[in-house]
Amino acid sequence: MSRSLLWIVCGASVAALGSGCSSPECAWGDYEEAECRVVAENHYARALTSNGVEVRFQHPLETTSDTWHALGLLQENQSGIVEARPAGLADFAISVDGAADLTLTVELENVAPDATVTVGPEGAEVDVPAVGGTLRRTIAITLADEETVWIRGTRPCPDRYRLVTAGDIQTNPLQFERIVEDLHDQVAAAEAAGAPLLGFFILGDLTESTEIQEFERIRQMLESSPIPVSVLPGNHDIFGDEAAIFSRWFGPGNYTDTVCRTKLIHLDNASGHIAESVEARLPQMLDPTGVDHLIPAMHIPPHEDGTSQGMRDQEQASYMLAEFARNGVDRIMAGHVHYWRENVDVRVGDRSLHQIISGTAGGNQGSGHLRFGVTRLSFGGPDDVESCFHEVPVPGTTDVDHEDVANPIDFCDGP
């Protein structure tokens, strides 16, 4: 089938998916293919429950429930009980529709304790308070006839704030568990420094072998996080995948998330390229309107200089870098390579980009001094972005050693 015919065939589904089109071979379920994962992430952003209630993730500013957006994960694990996991770190919206007198319980996950969560029809919302500082809230809904109930979450935005990121857990969940535990200390230190830590975004390779029990173990660890977590797939998360495993456990890999004045652009390039439908939306995803900072995040670095492990589709990688330069991104964040490396002068035409590889969440680093931890990004005004590496000790130690660094590392100073 020609590409032009393909767009005609699936053009009717574009409005519903909100994410472009997909190839028909995805009906056979090869989720190693990037386009098939776009299909899966749209599928799991919408749920029709066993008692006839329609639940859909929407854009945070959406006011109608006619379509849906791949901005979260919805699953009915028990009759009339839906688990809802917003994919992003900040604002979200979920629409709920159904006939009169139908009931639904929504178990919200991954929602910040400081988020204001409301539920109800437009103009009649009520607050849903946080429970004990956890990332979970339970909402009971009884529907009226032809009435859309909205669940919305919003977060306050301080003048200064922080995000942290790392990728490549793989065979070392013990070290990653230490990183999650360390987030509690980082939250306290950030509050004391007047720059709250708002979220943690993971750059892929949660697993080594794409096994369900591996995803389950990481998901359980993240339940103890004090801050919301967004997750991208890596190449190790899609091996031989015929069941959309990553999508079923963590939801979408291609979306934007505006955290205060920072737009995070999540791009799933675990297959060595991004889906063509995502490539077509890249200028829209990188639109800087209304934000001060742009941070594209992906698993495989688009600039492979010094790594020899770049994207399989180098033509597409060059296009991505050109779009990053055109829109003036602040940092490119990637994993895949198991170390921390900062390239501060990635030349694209007459412009310079800043790329950080943060494959430091636990994956095997080979011989030499092991360095695990997260990259801290601190944001202020439009031209105020700082980045550094926050090291977390390996098991059996309590201190970090900043000596004998093989490559230059900008370690975080102070809390």
> Mind checking which residues of the stretch 161-173 are hydrophobic (A, V, I, L, M, F, W, C) and within 23 Å of A188 (Cβ to Cβ)?
Replying inline: L163, V164, A166
>> Suppose we keep only residues that are of a type outside the set (D, E) and in a strand (DSSP E or B) within the stretch 378-399. Which one would you say is farthest from I357 (Cα to Cα)?
In response: F379
> Across the stretch 99-116, what is the total count of residues that are at pLDDT 95 or above, surrounded by fewer than 20 Cβ atoms within 10 Å (Cβ to Cβ) and outside any loop (DSSP other than H, G, I, E, B)?
Replying inline: 3
> If you scan the stretch 337-368, which residues turn out to be part of a loop (DSSP other than H, G, I, E, B) and either touching a helix residue (DSSP H, G or I) at 6+ places or on another chain (Cβ under 6 Å) or more than 21 Å from Q309 (Cβ to Cβ) (or both)?
Replying inline: G349, D350, A361, G362
>> Of the conditions (1) surrounded by 19 or more Cβ atoms within 10 Å (Cβ to Cβ); (2) on the phi > 0 side of the Ramachandran plot; (3) over 17 Å from the mean Cα position of the chain (by Cα), D168 satisfies every one except a single condition; which number is it?
In response: (3)
>> Return the residues of the stretch 204-242 that are closer than 19 Å to H266 by Cα and either free of Cβ contacts under 8 Å to residues at least 24 places away in the same chain or of a type in the set (D, E) (or both); say none if nothing qualifies.
In response: D205, D237
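Here's the yes/no breakdown for (1) within 15 Å of L203 (Cα to Cα); (2) assigned by TED's automatic domain parsing to the domain that holds N172; (3) among the hydrophobic types (A, V, I, L, M, F, W, C); (4) surrounded by 17 or more Cβ atoms within 10 Å (Cβ to Cβ):
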position	(1), (2), (3), (4)
F324	no, yes, yes, yes
I332	yes, yes, yes, yes
V346	no, yes, yes, yes
Q365	no, yes, no, yes
D413	no, no, no, no
> Can you name every residue in the stretch 50-98 that is closer than 22 Å to E146 by Cα, among the charged types (D, E, K, R) and either free of Cβ contacts under 8 Å to residues at least 24 places away in the same chain or in contact with a Leu (Cβ under 7 Å, 6 or more places away or on another chain) (or both)?
Replying inline: E54, D66
> Which of the following residues is over 26 Å from R56 (Cα atoms), modelled with pLDDT of 95 or more and touching a Pro at 6+ places or on another chain (Cβ under 9 Å): L135, L206, L198, L163?
Replying inline: L206
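The values are calculated or read from the model by the stated rules, or taken from the named source; none is laboratory data. Keep in mind that this is a model prediction, so the values were computed, not measured. Every residue, glycine as well, gets a Cβ built from its backbone with ideal geometry; the counts of neighbours run over all protein chains shown.
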